[in-house]
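Read through the structure below, which is laid out as structure tokens, and then see the notes.
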Amino acid sequence: MSKRNIIKIDEDKCNGCGKCIPNCPEGALQIIDHKARLISDLFCDGLGACIGHCPEGAITIEEREAEPYDEKKTMENIVKHGTNTIKAHLKHLKDHGETKLLNEAINFLKEKNIEVPMEETKMEEDLPCGCPGTQIRELKPKTNQPASEQESELRQWPIQLNLLPPSAPFFQDSDLLIAADCVGFANPNLQSQLIKGRSIAIGCPKLDNVEGYKEKIKGIIEMNNLNTITVAIMEVPCCYGLYNVVEEALNESGKRITLKKIIVGVDGSVKG
């Protein structure tokens with residue numbers, strides 16, 4: 001077991017009204033002995049759909065040791081309750097930006113030859129503008145690459161921090177590189193030394209909204225199991241703001257992840 005967010009029920013406050021039950025399509029809650037009970041860690045996704053429906057304020061979210069949430073086992077439970085429960089669960093995942101879990105749920109339904117309610121629910125992670133350039137993609141190495149051409153190490157799209165959803169699947173279990181925009185132009189070894197084997201997000205702390213960066217980076221950290229975080233910045237003073245905001249986001253997340261800093265000179269040399 002490992003630590004994750006999961007609901008907590010205050011038995012002294014709970015009056016057993018059951019209003020939380022319909023709002024937990026995962027089936028993690030039941031009324032037992034006149035109290036709401038969490039019957040399985042496996043079914044509770046920790047997103048808190050039930051919280052707003054408790055008139056007594058008896059339900060909160062805490063971080064504790066719990067069995068990992070299992071979407072497949074949850075779906076096995078959900079399909080027993082019919083189309084409306086399936087639809088509620090898919091909407092629940094979509095509303096919380098849980099792309100990976102939503103797609104797992106839809107794939108489960110397809111494997112079992114069960115109709116997918118609201119097929120359009122499947123998340124492509126486009127921005128509201130609908131621009132196809134923001135669509136999430138995991139890139140694969142090219143085959144039959146000519147020996148004379150250098151292969152790109154980029155394995156995802158997009159890469160701009162403002163366009164990246166924290167739930168993008170390529171962040172999960174990855175080593176994350178957060179780089180200032182100019183690093184890619186100054187350092188000739190960006191592809192081989194920095195991007196290779198890493199997920200990536202780029203931005204400019206001087207021209208963009210740094211506070212917005214912090215919330216986005218914090219979301220990426222909280223929603224994914226990152227191995228390491230490397231921040232690559234230029235030697236100019238304004239660039240240090242990017243490292244500072246990553247450090248703050250990591251501290252606020254409460255997670256313990258190795259944080260590395262690389263400083264690139266304006267001449268392209270690596271200084272630290």
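The values are calculated or read from the model by the stated rules, or taken from the named source; none is laboratory data. Just so it is clear, the model here is predicted, and its values are computed rather than measured. Quick reminder, even Gly has a Cβ in these numbers, built from the backbone with ideal geometry, and neighbours come from all protein chains shown.
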Can you tell me which residues in region 166-218 are modelled with pLDDT under 90, part of a loop (DSSP other than H, G, I, E, B) and among the hydroxyl-bearing types (S, T, Y)?
S167
Considering every residue within region 70-82, establish whether at least one is β-branched (V, I, T) and at pLDDT below 85.
yes
Tell me which residues, restricted to region 176-188, are surrounded by fewer than 21 Cβ atoms within 10 Å (Cβ to Cβ) and more than 14 Å from S152 (Cβ to Cβ).
D181, C182, F185, A186, P188
Give all pairs with beta carbons closer than 8 Å in which a residue from region 155-169 that is within 20 Å of Q191 (Cβ to Cβ) meets a residue that is assigned to a loop (DSSP other than H, G, I, E, B) and of a type in the set (S, T, N, Q); count only pairs at least 6 apart in sequence or on separate chains.
W157/Q135
Sole residue being surrounded by 13 or more Cβ atoms within 10 Å (Cβ to Cβ), more than 13 Å from I9 (Cα to Cα) and touching a residue at least 40 places away in the same chain (Cβ under 8 Å), chosen from E71, E67
E67
Considering only residues that are among the hydroxyl-bearing types (S, T, Y) and over 13 Å from N23 (Cα atoms), look in region 74-102 and name the one that is surrounded by the most Cβ atoms within 10 Å (Cβ to Cβ).
T74
